[in-house]
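Enquirer: I am attaching a structure below and will ask some questions about it afterwards.
The values are calculated or read from the model by the stated rules, or taken from the named source; none is laboratory data. Note that this is a predicted model, so its numbers are computed, not measured. Counting neighbours? That spans all protein chains shown, and the Cβs are built from the backbone with ideal geometry, glycine included.
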Amino acid sequence: MAGSMMTDAALARFQTQLRNEREQLTAQIGQFELSLTEVRASRGDGVSDDEHDPEGPTMSTEWSRLSGLEREAADRITAIDRALKRVDAGVYGVCARCGGRIASARLQARPDAELCIECARSAETRH
Ligand SMILES: [Zn+2]
């Protein structure tokens, strides 16, 4: 297949990995949402008044921890969806920045990686 830089078997393996991870993350989000609902319920009256709750500090900490984790999982799903689209487009494993090949060890560790290790590093140091 022209343009594709990895074998179909390797590609299929990453695709499965991405789909499995997406499934796990979706399940995790379900759990977080359940816990968030519990935190909300244990506030008592159900009136949402985040700032003026006497139980505020504890609840807010748990709340922001959970919603932080949920947001993280949602971001990962977005990245995985992008990766799956790249699989469909035949550009999976190609660095989005320099067009070079992303090392398969890196893809194994992070199947949703969009950048090769060099580009990822220089993107990080710019922050
Ligand atoms: Zn690159």
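Enquirer: Out of VAL91, VAL87, I need the residue that is over 30 Å from ARG43 (Cβ atoms) and not in a helix (DSSP H, G or I). Which one?
Expert: The unique qualifying residue is VAL91.
Enquirer: Now for a separate question. How many residues are under 18 Å from the mean Cα position of the chain (by Cα), in contact (Cβ under 8 Å) with a residue 40 or more places away in the chain and within 10 Å of the ligand (Cβ to nearest atom) when one looks only at the range 90-111?
Expert: Of the residues in that region, 0 qualify.
Enquirer: Let me ask something else about it. Residue check: is GLU72 modelled with pLDDT of 85 or more and either more than 30 Å from ILE102 (Cβ to Cβ) or crowded, with 17+ Cβ neighbours inside 10 Å (or both)?
Expert: So GLU72 does not fit the description; no.
Enquirer: Which of (1) at pLDDT 95 or above; (2) surrounded by fewer than 13 Cβ atoms within 10 Å (Cβ to Cβ) is the odd one out, the single condition GLY3 does not satisfy?
Expert: Exception for GLY3: condition (1).
For (1) within 14 Å of the ligand (Cβ to nearest atom); (2) loosely packed, with under 13 Cβ neighbours inside 10 Å; (3) of a type in the set (Phe, Trp, Tyr), each residue gets a yes or a no:
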{"position": "THR78", "(1), (2), (3)": "no, yes, no"}
{"position": "ASP88", "(1), (2), (3)": "no, yes, no"}
{"position": "ALA113", "(1), (2), (3)": "yes, no, no"}
{"position": "ALA123", "(1), (2), (3)": "yes, yes, no"}
